[in-house]
Each structure stands twice: as C-alpha cells, then as structure tokens.
Amino acid sequence: PPGLAMLADEEQEEDFQRFLRRVDDITNLVQGLNSTDSAVKKENIAETEKKLHDQETSKEEESKTTVDRTVISTQAADMAIAEAVNADGFLAILEKDAKERAKRRKINEHLANALKEEGNSAFRKGDYVIAIQRYTEGLEKLKDKQELYTNRAQAYLKMHEYEKAIGDCEWALKCNEKCIKAYFLMGKAHLALKHYSESRQCYEKILPIDPRKERLFKDCMNEVNLEEKRMKDEERAMKEVQSGKLAALSIKGLLQKLDRPDQNILYYTGGIRLLTGAMKDCTGQTLFRTNNGFSILKDNEIVRRGFCAERKSTAEVDLTVSLLFLWQAVCAGNEENQRLLLTHPDVNAQLPKLLSSGVSEIQKETLALISLYSENENGRRLLVRHQDLTKWLQILMVFVNSAYATANSAMNILSDLTEEEKFKTQCRVMLSTGVLPLFTQLLTSAKLVNQAALARCIGIMGNLCADVVIRRQMAECKECWQACLKLVDECFDVSTPKYQECLFAVLGLMMNLLLESNVVIQYFAVDLSGRCMSLLRDKDGRIVTRAIGVLSRVLPASSLAVEEVVKGGVVKKMMTFLKAGGQITSNYGIKTLSICTRSNRQAQEDLVKSDKRFSVLLKLLDSENEMIVGNAAFCLGQCLVVPGAATSLLNSNVVMILLKHAGGDATRTLVQKNAAIALGKLCVAEPRHIFQLRKLNGLAILNSSMKYLHS
C-alpha cells in the first residue's frame, strides 16, 4: 500500500509546528480586522503594523519546510497580512477559500470514515492486509485522522510489523497527544521487539491522562515484567546449550535430551537446532526415524504446546521455525520420512494453520517444507491423500500479497498441485464461497499486490479451468468478469513488464472461460470485444494474439458485439494480421472473420474490399492446419454473395483448390463441408466457373461431398 509522506527529521517537524502557529495568528488578525467592534479592529490594525515592521527589520532568512512534498513559505504567510491591510478583496477571498477547504475536508472526512469502516470490517475478519490498505487509503483522504493511524497500527501488530506500528502510533500522538490507544499499542510493539524500557515508558503515559485506567496500567506493566524475566531465563538456558553440554551429543543422544520434560522452551529450541545441524546425509535421516524422532511432539508437552499454540509468543515462533527447519532436513529426498511426518496428527492439523499464521518466518519455512512434497509426484500424492486440501487454493492465493520469494514459493506449490486431478476436485468445494471472492479482489487490486505472483496466480486459475465444474462456476461469476475487465482497463495506464504479464495471463484465462456459453458471457460480450479491439494496437505480439483469441470466442455470444467490432474495422485489422502470418494468430483471426461474415453484410463487403481477388483467403486455403482451411472456405463462401466477388476469381485456381478440399480426406469434416458449399456458391454467383468444374470432373466430386451436408 502507498506509504504516507513523513517529515524527515525533528527540525522539519519544529518548522511545521511554527508555521501552523503563524497561520493561526494570521487567521485571528484577519478576523479582528473584519470585526464590527472599532476597538477590536484598532487593536488588530496596530498588531498587524507591528508584525509588518518586524518582518522588514528581521535579518533572518526565509525558512521553509516540506510536508508531503509541499514547500510552505512563512514569508508568503506574512505577506498575506499586508494584503489583508492593503487590499479590501483579500478578506472575501480568504473567506471563500476557507469555505472551499472546509467543504473539501468534509467530503474527505466522509470518505475517510467509509474507508475506516471497510478496514474495521476486514480487521474483524482477520484480513489484516486489506485492513491496512483501507486505513492507508483513508489517510490519503485525511492525513490528520488519529483513529486511522491507531487502527492501522493495530493491524500492523497482527502482522508482526512492529516498527511500522510504532511509527503509526507516533503520528497518532501528533494528531492527539493524549491518545491512550496510541501509547497502549506502541507499548505492545516495543514489548514484542523486546524493548522493555521503551514499553514501560509508553504504559507510564497512560495513567496521567486517565487515572481510571489504573487496572490497565498494572496489567501492562506486569506483562512487561514477566516477559523480561522469561527472556532472562531463556538466555540462561541458551548459554547452557551453547556451552557445549548438548553440542557434542549424537543424534540419539540429542533426541534423549529433548525427551526431558522439565526444561525451558529455549532449551528445546537450541537442541532442535543442533539436531538439524546433525542431519548431514541420509544416514542422519535414518537415525532420526529409527530413534523415534517423530515422537518429539507427542512425548514433549512443552514442544507440542509451543508448536500448536494459536497465538504464538516470540519463543514459540522460534521453536516452530526450528522444528520446520528440522523436518526439512529430515524429509529432503526421503519418501518414508515424508510419509511419517505427514501422517502425524499434530503436523497434519497444523500445516494449513501455519500457512495462515501471518508470521512471515513460519509461513516461509512451512512453504519450504511443503515444497519438498509438491515438487515430485509421490510427494503430491501424499499431500492429496493425507491433507484436506479444500482450503489450500484460497490459503496459498493469499500469498500474492507477499514478498517475491514467499509469493513465488506459494505459486510453485499451487502450480504443482494443479497437476493432480484430486486437488482440482477438492478445489470445487470452496471455489464460489472462498476462492472466487479472494481472486476477484486480487484482480481489482492489481496495482497494489505482487504483480509477478498475480500473473502466475491468474495462470494457475486458467489451468484449473481444465476442470469443467470449476470452469463453469468461474464463467458464471459476474464479479470475476468485472474484475478481469478492470485489470484490462488499467493496462492502458500501466505499461510495466510485470503488469503486461498480468494482462497476458488474464486474456488466457478469459479464453478458457469462453469455452462456456451462458447469459453472463452474453451480457459482457460487447465490453469484452471492445477491450480486445483496443488491445490490437498493443506492441506486444503475445497480447495481440490473445486479444484476437478472445474475440474469436466471445463474438458468437452476441450479434450486437459483432456489429460493434465490424463498425470498429475488425475485418481490415484481421486481414492485416493474416497477411503477416503466424499459425496461432491466423487460426484466431480467420475464425473471427468467419463469425463476422456469417451474418453481417458489412463484414462481407469489408473483406472483399480488403482482400483483392481473395489472395489472403486463397493462401490460407493452402494451409496445413485444418481449422484454418475450414474457416477460410467458410469465409469465402459467405463473401461470394457480394456482387462481383465471384467474377474476380475467374482467372484463379480457386475451383481446383476447393475441389481438392471437398474431396479430400481431412479428419475434420468441416473442411469438406465448407469447401463444397463455397464451390456451389461460386458456381451459382458466376456460372462461368462451371466450365472449370466440369473440366476437372468436379461434379462427381461434389456429388460425393453431399454426405457432409445437412441440407
């Protein structure tokens, strides 16, 4: 999300506050000058003259400060006083400006409040990324709204982004120096960072503001004291680990030491790290398994409780990350260990929870562990067999909001899982209620998320469309089509390589969805075809090819869409692309023309004008691609109704070409059928072609082709 522009240092902050005081002084003087009380007016005139005199005699240089990239000139503010005295119109201008600013602020305040409520709603649902985005958008409307800073700080705390939370609390206090919530949240953030002194200082600010908060103050201070004591205990335990008492032990000895139930959590964390370091080869992996290493969660309640805790402390996070590192070392390339780990009840239950934990270190290592399974066929089958994957598509899709490495890892896993039919089947369960709302949200937020990951995510959804049930549900989702259109619209403003990849992917997704036919597609057909016509000017040939592909699949859904693209010059554009060649582009292009010429007379006439003597169509009839040949023959047949079209072919070899296809052995009967129809229309429109037909014994060939015709 876009960040707020912050004051660079304390000096700028001081200048800013000085400027605000001067503006207040000027406002008071102007109001006094406008007073109906002659005594008040006289007093303010004297004060104004004094300020002007002080300005003239002052030797200080003009001071400037920057707030959100705006240079504020105190000299300009002083000059305003002079204008107020010397210009009668100044007061009216100032009053008008004040009213306009008040009106703008009222509008912005309304928008900021609405965005705050959206953020609060997302926060309550646990969607902290969206909550932060909404609070940030609200602050763009109203930069001095304290509640938005504290709410965003609270969301940052949930995301374990403690420094950002502290920064927002500091800004909230600039808006309201008696904001108890800001001191409370800042104390929490400092505590999480183990800044115990700073945390106490924050909590100590609460009581002087509101003496009734004594209970809150005591609870907070007790929490700091307990956390500090725990850390000191853990540091002592770590010294024991580092002193060598555990380091020299074998894998068997380390596992025995980890069985001790009376140790501090950091003792176990250190032991697990040493155990991970001992996994140097497959022998270590075997020793871990044969010495019952996978029972560490079952036999040690402290380790189990720390690993399974829903809201983990810092020590529990460290323990969990250490376990994930250990299991990566134990399971890498070892199918039996992978099976044993995945069938462990606690691990099986915790994997999706760890992915959704919001703790970046845990999520990163959980993804690394799952990657060991997803990157090979046996591992994927273990996941499908032992994991409930119904929510995994939704869980992994969330990582599109993450940094590149984490997002890439999540998309790799998803891409691997889509190769499993059982995964696709499980994805159907949550598609409408969970996946599609999230997916459309990501599409509409394309400018804010990791665009490289989003492009891959769109491609994965396109691959899932191979499943008919998934494709049908997506194609019937109105919001999904709207989101796709929004992304296409934004591409005209954003032309970065990463955004182009998103556009390329979404065009591919739409092509897959257009294999379906429903009223939703019919509803959006005109909009979709219009966007594709605009994309035909794109410099990226891949984008152009897919835009033509979408046209070829969406136009059959709407005669109105056909009329609009014909008016927009689609025939001439398609002829240009067909002349340039390229089999995929030609395939989509000639299909688009066949749809347009099927029922639109203007399209037929445009094609005859654009393709003199049908040189492009005749060339396409020589293609080895049966789809291209069949559609080229269809177009030719449709255009022969245009006066003079059949006559222009008298000196060509069109009769021989069409006869070859009508009597040929193409696997697609569409080729024989369309060629025979085109040949019949040719002879009807221009009887002189019959002489060539008889010369080539074409009547017998045509007679044998009648079996391909319905009428």
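The values are calculated or read from the model by the stated rules, or taken from the named source; none is laboratory data. Note that the coordinates shown come from a computational prediction; the quantities given were computed from them, not determined experimentally. Positions of Cβ are generated from backbone atoms using ideal geometry, with glycine treated the same way; all protein chains shown enter the neighbour counts. For accessibility, only protein heavy atoms count, side chains too; no ligands or nucleic acids. Shrake-Rupley method; radii C 1.70, N 1.55, O 1.52, S 1.80 Å.
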Overall dimensions of the stretch 294-435 by Cα: Rg and Dmax, Å:
14.5, 41
Per residue, how large is the accessible surface of the stretch 392-540? Use a 1.4 angstrom probe and give square angstrom.
39
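Would you please give the FRET efficiency between Lys252 and Arg339, computed as 1/(1 + (r/R0)^6) with r the Cβ-Cβ distance and R0 = 25 Å, to the nearest 0.05?
Using R0 = 25 Å, I get an efficiency of 0.70.
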R0 of 51 Å, Cβ-Cβ distance Asn291-Ala466: FRET efficiency to nearest 0.05:
0.70
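The stretch 104-227: percent of C-alpha pairs farther apart than 26 Å?
Across the stretch 104-227, Cα pairs with separations above 26 Å total 23 percent.
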Give me the compactness ratio for the stretch 239-378, meaning the Cα radius of gyration over 2.2 N^0.38 Å.
0.98
So which trypsin sites (Lys or Arg not before Pro) in the stretch 268-354 end up in coil per DSSP with only 11 or fewer other C-beta atoms within 10 Å?
Lys280, Arg311
Rolling a 1.4 Å sphere over the protein heavy atoms, what is the accessible area per residue of the stretch 104-227, to the nearest Å²?
52
Alpha-carbon centroid distance for the pair the stretch 458-484 / the stretch 400-433, whole angstrom:
14
Filtered hits (lysines, Cα-Cα < 16 Å from Lys612, offset >= 8 within chain) -> Lys572, Lys573, Lys579
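Considering only protein heavy atoms and a probe of 1.4 Å, how much of the accessible area of the stretch 491-591 is carbon and sulfur, as a whole percent?
With neighbouring chains kept in place, the figure for the stretch 491-591 is 51 percent.
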PRE reach from Glu479 (point 7 Å along Cα→Cβ): which of the stretch 445-470 fall under 16 Å by backbone N?
445-446
Derived scalar couplings ³J(HN,Hα) [the stretch 508-522; Karplus, 6.51 cos²θ - 1.76 cosθ + 1.60; whole Hz; x for Gly, Pro]
x, 4, 5, 4, 5, 5, 6, 6, 8, 9, 7, 5, 5, 4, 4
Flagged links, alpha-carbon separation over 22 Å, of Lys103/Lys143; Lys103/Lys164; Lys252/Lys312
Lys103/Lys164; Lys252/Lys312
So, with a 1.4 angstrom probe, what is the percent of accessible area on the stretch 104-227 that is carbon and sulfur?
49
Would you kindly derive the ³J(HN,Hα) couplings of the stretch 451-456 from the backbone phi angles with the Karplus curve 6.51 cos²θ - 1.76 cosθ + 1.60 (θ = phi - 60°), listing them in order in whole Hz, with x for Gly and Pro?
5, 5, 5, 4, 4, 5
Apportionment of accessible area to carbon and sulfur, the stretch 263-375, percent (1.4 Å)
49
re the stretch 251-304: pairs of Cα atoms spaced beyond 19 Å account for a percent value of 20
